[in-house]
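For reference, the structure discussed in these notes is given below.
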Amino acid sequence: MNTRWARDTLCCQLMFMPSSLLPILLSLLIGWVHSPNTLHHDYCVLGAGPAGLQMGYFLSKSQRDYIILERNSGPGSFFNIYPRHRKLISINKIYTGSRNREFNLRHDWNSLLSDRPGLLLQRISTQMYPEADALPRYLSLYSRELGLKVRYGVDIGRVSASNTGVRSYTLSDQLGRQYSCRVLLVSTGLWVPHQVQFVGSDLVEGYESASVDPWDYLNQAVLILGKGNSAFETAQNILGHASSVHLYSPSPVRLAWQTHYVGDLRAVNNELLDTYQLKSLDGLADGRLEDIAIVRGGGADRKRTGRTGKGRGKGRQGREQLHLTLAELLDSSKGNKTSEVTRETESSYLNDNFPFRQPYDRVLRCLGFQFNFSIFDSSARPSPSAEAKGRLPRVTAWYEGQGTPGLFVLGTAAHSRDYRSSAGGFIHGFRYTVRAVHRVLEQRYHGNAWPSTSISINQLSSWLLRRVNEASGPYQMFGVLGDIVLLQGPHCEYLEEFPLQALPKFTTLSGHQVPKQGLLVLVLEYGLNHTDTLGAGRSQTEWTQGWKSRFLHPVLYFYSKLPTERDMKRRPAGWALPRPDAVHHIIEDFLTKWDAPMSHIQPLRRFLEHCLQTDLRAFFAESCFRFSLTNRRPPPFCSRGYLRKQGLIRNGHLWRHAQNTGLRPASHSSWDCS
């Protein structure tokens, strides 16, 4: 519609409107004239990375009014640059021996959720660890095939909030256009390089700009600040060309296969550990970055030797050499806050076996990334989290910004909820937390309760076993997302993948009431002992010792009433949930298949019988017939099944056959086992 024509038409119609409507229409006209570039949507998604597109899929599926805003020309632009050495460390295991889509997502760490079975990263790459370029290509395919509403080339420079009436957010781009929405979903990821200020920090090359050509480091001594995957990735790239590679940071190396945290050092990047431990010139050292100083060679050898000479400050390729020292050893009279400091300002005292007494040709900074807080003004800025040294925004257990109602943080930026404890900072984890956020939005703004399935209490054990053996959400987001079972006598309501830390707000967030019979919570957890993950006796095999399991295993919590906020805060250290009325650890399993009759199934049934105070055993029809003749009260399985002409129907195929042949009424859908 032509804007000028529309305004003229509206002005003409004002002449014939009732006088009571004139003030309202005039205010609309004034708003139209003054805000011609403002676009209004119910939901604005900031960033077209994996989390933004995943949320776009759910909003599109529920037919909501949304727009995804992306500053670059395509989705997933971060992965066009990073990782710098172009190899992902996220698993793309295609061949699992199973055709179960849900199970296979346990071993596909790159694909997003959708209702299209083939819309997976394996259409782009079949490599176990794909090339980084495969991910933007996959995200483009995902967005295109699902018809997501993405607007590219929109660089949002300012985000503000308005509290006049209903709270809303306004986003301003580089062209002065504005986007207004009542709910802002921030999925910008972490892309601002994390830097630590110290003496001479401006002499350091950043991970984001350092050369990735290993020949540029030929026969050079290189110091890398950091001990994460980006640091080891960089070290591995130059290991065969540099004369020595040293890594320095405050924390010791944390190995993912020890901590079970995928953000720690992965085995695909750890070749330097071999050359360090086998004493082949490379090494690791610990120390605070704030306490060091990087100083120029200054044309002199170390002051304590008293020797000077021509060219001693130059490296092997004419590059000025750099030295690592401690800031407190610099002569304060020379000033110690700039890179103008040289080794000539260093005090004379240093141990003669100081680990860093040899000069370096290059110093590289590989300290990871942080959230970009700068685009948010004071009305809309989420506060930094205490986790990850303030690099991440602080969010609630349902991923809403602390102090910013209506602003939700998605994807890697929301990792403060489970930093260093689960997979919420990675695609295979946050694709499920994004779905959880969407379910919260559906309940809060549209009155749609959290999806649930009504099942017979006799089928609860089978349902739980199916979930622990197939479900990918609780498997990837262990200790963070769990299944909730609302106990309602002979039946129960089963809700999947609810944020566990939000349990005190369960009724508000889910739209479901907790019944007086209580609830069960199913969660997958690692044991608390991470010390010797490869040593003898590292796993348990006796089901009575399930509580000692070290590896990933299912845990069931029973609560007679909903835990409170106080209960959550006072939970034991390392526990995902407060102390329950009863708890059951299903013993860890080497195959992660919890289907053994004696070790897994029977202990689970006995636990459920204890919590529900009922008999959950299953019987053949002959036994039910005998019980009905000899017992005043047959077991519940017989009374609810066999005696209602449902006892022989034990699977979906037989169930449908019985329906088609008229052996059972079509109305009893709650017993469907399919």
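The values are calculated or read from the model by the stated rules, or taken from the named source; none is laboratory data. As the structure is a prediction and not an experimental result, all values here were calculated from the model. In this analysis, Cβ positions are derived from the backbone assuming ideal geometry, glycine residues included, and neighbour counts consider all displayed protein chains. With ligands, DNA and RNA removed, areas are computed over all heavy atoms of the protein, side chains included. Shrake-Rupley method; radii C 1.70, N 1.55, O 1.52, S 1.80 Å.
Some points to look at:
Conditions (1) at pLDDT below 95; (2) among the acidic types (D, E), marked per residue:
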| position | (1), (2) |
| --- | --- |
| A471 | no, no |
| E493 | no, yes |
| L520 | no, no |
| N529 | yes, no |
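- Q459 passes every criterion in (1) of a type in the set (S, T, N, Q); (2) in a helix (DSSP H, G or I); (3) at pLDDT 95 or above apart from (3).
- Verdict on V204 being at pLDDT 95 or above and either within 25 Å of the chain's Cα centre (by Cα) or charged (D, E, K, R) (or both): no
- Subset of the range 528-537 [surrounded by 13 or more Cβ atoms within 10 Å (Cβ to Cβ) and either within 20 Å of D483 (Cβ to Cβ) or over 23 Å from the mean Cα position of the chain (by Cα) (or both)]: T533
- Candidates D213, D274, filtered to the one that is closer than 22 Å to L88 by Cβ and acidic (D, E): D213
- One residue stands out in the range 491-511 among those that are of a type in the set (S, T, N, Q) and open to solvent by 10 Å² or more (accessible area, probe 1.4 Å): the one that is nearest to L481 (Cα to Cα), namely Q501.
- Cβ separations smaller than 6 Å between residues 6+ apart or across chains give the following pairs from the range 102-122 residues that are modelled with pLDDT of 95 or more to residues that are surrounded by fewer than 20 Cβ atoms within 10 Å (Cβ to Cβ) and part of a helix (DSSP H, G or I): E102/E470; F103/E470.
- T308 being of a type in the set (S, T, Y), at pLDDT below 95, farther than 18 Å from S244 by Cα and open to solvent by 90 Å² or more (accessible area, probe 1.4 Å): yes
- Test: P515 is closer than 24 Å to P451 by Cβ and surrounded by fewer than 20 Cβ atoms within 10 Å (Cβ to Cβ): yes
Matching residues to (1) free of Cβ contacts under 8 Å to residues at least 24 places away in the same chain; (2) over 23 Å from A573 (Cβ atoms):
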site	(1), (2)
A388	no, no
R394	yes, no
T404	no, yes
D418	no, no
H428	no, yes
A436	no, yes
V440	no, yes
Q443	no, yes
A449	no, yes
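- The range 563-588, residues that are in a strand (DSSP E or B) and either open to solvent by 20 Å² or more (accessible area, probe 1.4 Å) or of a type in the set (S, T, N, Q) (or both): V583, H584, H585
- Evaluation of F558 against (1) among the hydrophobic types (A, V, I, L, M, F, W, C); (2) in contact (Cβ under 8 Å) with a residue 60 or more places away in the chain; (3) not in a loop (DSSP other than H, G, I, E, B) (one fails), failing number: (2)
- Pairing each residue of the range 149-174 that is over 27 Å from G74 (Cα atoms) with any residue that is open to solvent by 50 Å² or more (accessible area, probe 1.4 Å) and outside any strand (DSSP E or B), provided the two are 6+ apart or on different chains, yields C-beta distances under 8 Å for R167/P405.
- Residues that are of a type outside the set (K, R) and either touching a Cys at 6+ places or on another chain (Cβ under 6 Å) or in a loop (DSSP other than H, G, I, E, B) (or both), drawn from the range 494-527: G511, H512, Q513, V514, P515, Q517, G518, Y526, G527
- When L119, L141 are screened for being open to solvent by less than 30 Å² (accessible area, probe 1.4 Å), out of contact with any Gly (no Cβ under 7 Å at 6 or more places or on another chain) and not in a helix (DSSP H, G or I), only L119 passes.
- Long-range neighbours under 8 Å by Cβ, at least six apart or interchain, first residue part of a loop (DSSP other than H, G, I, E, B) within the range 49-66, second among the β-branched types (V, I, T): G49/T188
- Residue match in the range 598-608 (condition: open to solvent by 70 Å² or more (accessible area, probe 1.4 Å) and part of a loop (DSSP other than H, G, I, E, B)): no
- Set side by side, the residues V485, V468 differ, and just one is among the aliphatic types (A, V, I, L, M), out of contact with any Cys (no Cβ under 8 Å at 6 or more places or on another chain), within 28 Å of L612 (Cα to Cα) and surrounded by 22 or more Cβ atoms within 10 Å (Cβ to Cβ), which is V468.
- Answer from R431, R467 - the residue that is in contact with a Pro (Cβ under 9 Å, 6 or more places away or on another chain) and either modelled with pLDDT under 95 or over 19 Å from S187 (Cβ atoms) (or both): R467
Residue by residue, here is whether (1) more than 20 Å from S60 (Cβ to Cβ); (2) outside any loop (DSSP other than H, G, I, E, B); (3) not hydrophobic (A, V, I, L, M, F, W, C) holds:
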{"position": "L148", "(1), (2), (3)": "no, no, no"}
{"position": "R158", "(1), (2), (3)": "yes, yes, yes"}
{"position": "A161", "(1), (2), (3)": "yes, yes, no"}
{"position": "T164", "(1), (2), (3)": "yes, no, yes"}
{"position": "S172", "(1), (2), (3)": "yes, yes, yes"}
{"position": "L175", "(1), (2), (3)": "yes, no, no"}
{"position": "Y179", "(1), (2), (3)": "no, yes, yes"}
{"position": "R182", "(1), (2), (3)": "no, yes, yes"}
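- Tabulated pairs, the range 271-286, first open to solvent by 100 Å² or more (accessible area, probe 1.4 Å), second in a strand (DSSP E or B) and not aromatic (F, W, Y), C-beta under 7 angstrom, 6+ apart or interchain: L281/S244
- Selection within the range 214-228 - assigned to a helix (DSSP H, G or I) and exposed (fewer than 14 other Cβ atoms within 10 Å of the Cβ): W215
- Condition check for S539: out of contact with any Pro (no Cβ under 8 Å at 6 or more places or on another chain), free of Cβ contacts under 8 Å to residues at least 60 places away in the same chain and within 24 Å of K93 (Cβ to Cβ): yes
- Restricting the range 195-213 to residues that are open to solvent by less than 30 Å² (accessible area, probe 1.4 Å) and touching a helix residue (DSSP H, G or I) at 6+ places or on another chain (Cβ under 8 Å) leaves a set whose member that is farthest from H85 (Cα to Cα) is V199.
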